[in-house]
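I have placed the structure first, in the form of structure tokens, so that the comments after it can refer back to it.
The values are calculated or read from the model by the stated rules, or taken from the named source; none is laboratory data. The model shown is predicted, which means the values in this text are computed figures rather than measured ones. Here the Cβ positions follow ideal geometry from the backbone for every residue, glycine too, while neighbour counts run over all protein chains shown. Keep in mind that these areas ignore ligands, DNA and RNA; they rest on the heavy atoms of the full protein, side chains included. Shrake-Rupley method; radii C 1.70, N 1.55, O 1.52, S 1.80 Å.
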Amino acid sequence: MNILVYEHILGENIYKNSPSSLQNEAKLIISNVIRDLSTNYRKSKITLLTNKKNKNFFKNILVLERNHNLDLIKDFKKYEKYYEKVLILAPEEDYILYEIIKELEENNIPHLNSSSKAIKMTTNKEVTNKILKKFMKNTLTMHKDYKDISANEPIVSKKIDGIGADHLFIFKNRSELEKNINKISEKHYYQKYKEGLVIGLNVFADEKNYKILSINEQVYQGKEKYEIYLKNFIIGKHNHLIKNFDIIVRNILENFNGLDGFFGIDFILSENDEIFFLEINPRLTTSFSFLHDSLGFNPFQFYNDFSFDFDIKNNKILSKSLIV
């Protein structure tokens with residue numbers, strides 16, 4: 001199966017204006033995705049559509065130049081001889097991922113992503129939160145107004161459709177937040193801070209079933225006062241809790257049809273192993289870059305054989321930094 005891969009940050013002219021950390025993450029993901037796709041589909045063409053300024057970065061990869069005089073869908077159509085399906089790597093912010101997938105579907109271009117409907121629902125964290133609160137006890141309440149949280153409680157503030165940990169703040173109380181209100185945009189929502197570890201799941205699903213591939217710990221560090229960023233992953237550290245997470249993931253996916261391929265789900269794990277839902281990332285996430293080394297096999301092989309059996313408890317535990 002010939003596949004055309006497109007990564008939005010590196011593919012568009014926004015490349016210059018995006019933070020270097022996001023550029024580095026994008027390069028890290030692309031390098032590993034192309035490697036694994038090429039290994040899994042040895043007799044196929046795996047091609048990257050990207051900004052011509054990035055051509056020299058991707059060695060030994062078949063690269064097509066993005067024509068910025070055309071909209072993205074017309075570019076895909078121009079290169080249709082190179083692929084049978086496309087794989088889109090793009091942020092949820094401003095519904096970028098949703099809009100791309102929606103246009104692909106409207107133009108009958110086959111893709112390896114979740115459906116546009118599922119992406120739209122999970123991009124808006126408030127919509128996701130409202131759906132899950134109907135059947136999940138441990139769902140952290142989202143607030144549009146920080147004053148809905150007690151004045152002395154610590155507050156987490158994050159964009160409703162933000163990219164990863166971009167513009168993620170923790171304030172020890174309401175007063176501290178108000179002194180720094182200039183850092184907050186209209187897109188930010190608020191939650192009462194919950195003590196615990198941040199856990200990210202790598203999940204693969206098709207129309208009928210799913211597999212939890214890895215249960216990772218996400219390690220955050222202060223960027224500047226109040227703002228934090230994702231520093232590194234400990235891949236597979238909490239795989240022993242597979243039974244606990246499996247029940248929750250099954251419940252989530254029963255309420256979000258169309259989450260297909262690779263995607264991520266984030267939680268808080270408390271000191272006594274209580275699990276609190278945070279968000280769904282309806283796309284292949286950064287931690288995927290390290291998944292092959294932890295699993296010991298190519299994760300893309302699930303597209304060929306979903307029934308392939310493995311024991312998640314045998315995965316290697318790897319500590320991986322995002323500094324590339």
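Structural remarks
- The one condition from (1) over 29 Å from ASN40 (Cβ atoms); (2) assigned to a strand (DSSP E or B) that PHE233 does not meet is (1).
- Residue match in region 185-198 (condition: at pLDDT 95 or above, open to solvent by 30 Å² or more (accessible area, probe 1.4 Å), more than 25 Å from LYS134 (Cα to Cα) and in a loop (DSSP other than H, G, I, E, B)): no
- Selected residue [more than 25 Å from SER157 (Cα to Cα), of a type in the set (Val, Ile, Thr), in contact with a helix residue (DSSP H, G or I) (Cβ under 8 Å, 6 or more places away or on another chain) and open to solvent by less than 30 Å² (accessible area, probe 1.4 Å)] from ILE252, ILE235, ILE215: ILE235
- All of ASN40, ASN32, ASN24, ASN51 fail the test of being under 23 Å from LEU230 (Cα atoms), touching a residue at least 40 places away in the same chain (Cβ under 8 Å) and buried (at least 17 other Cβ atoms within 10 Å of the Cβ), apart from ASN32.
- The set of residues in region 270-283 that are open to solvent by less than 20 Å² (accessible area, probe 1.4 Å) and either in a loop (DSSP other than H, G, I, E, B) or without any contact (Cβ under 8 Å) to a residue 12 or more places away in the chain (or both) comprises SER270, PRO282.
- Considering only residues in region 32-77 that are basic (Lys, Arg) and closer than 24 Å to ASN298 by Cβ, the one that is modelled with the lowest pLDDT turns out to be LYS59.
- Residues of region 1-21 classified as at pLDDT below 90 and either surrounded by fewer than 16 Cβ atoms within 10 Å (Cβ to Cβ) or β-branched (Val, Ile, Thr) (or both), total: 7
- The set of residues from region 100-128 being more than 16 Å from the chain's Cα centre (by Cα) and either of a type outside the set (Val, Ile, Thr) or farther than 23 Å from TYR303 by Cα (or both) comprises LYS102, GLU103, LEU104, GLU105, GLU106, ASN107, ASN108, PRO110, HIS111, LYS117, GLU126, VAL127.
- Unmet criterion (only one of (1) in contact (Cβ under 8 Å) with a residue 24 or more places away in the chain; (2) of a type in the set (Val, Ile, Thr); (3) open to solvent by 10 Å² or more (accessible area, probe 1.4 Å); (4) not in a strand (DSSP E or B)) for ILE247: (1)
- For region 95-115, the criterion of being among the hydrophobic types (A, V, I, L, M, F, W, C), crowded, with 16+ Cβ neighbours inside 10 Å, closer than 15 Å to LEU48 by Cα and modelled with pLDDT of 90 or more is met by at least one residue.
- For MET136: the one exception among (1) under 22 Å from PHE277 (Cα atoms); (2) of a type outside the set (Lys, Arg); (3) open to solvent by 30 Å² or more (accessible area, probe 1.4 Å): (3)
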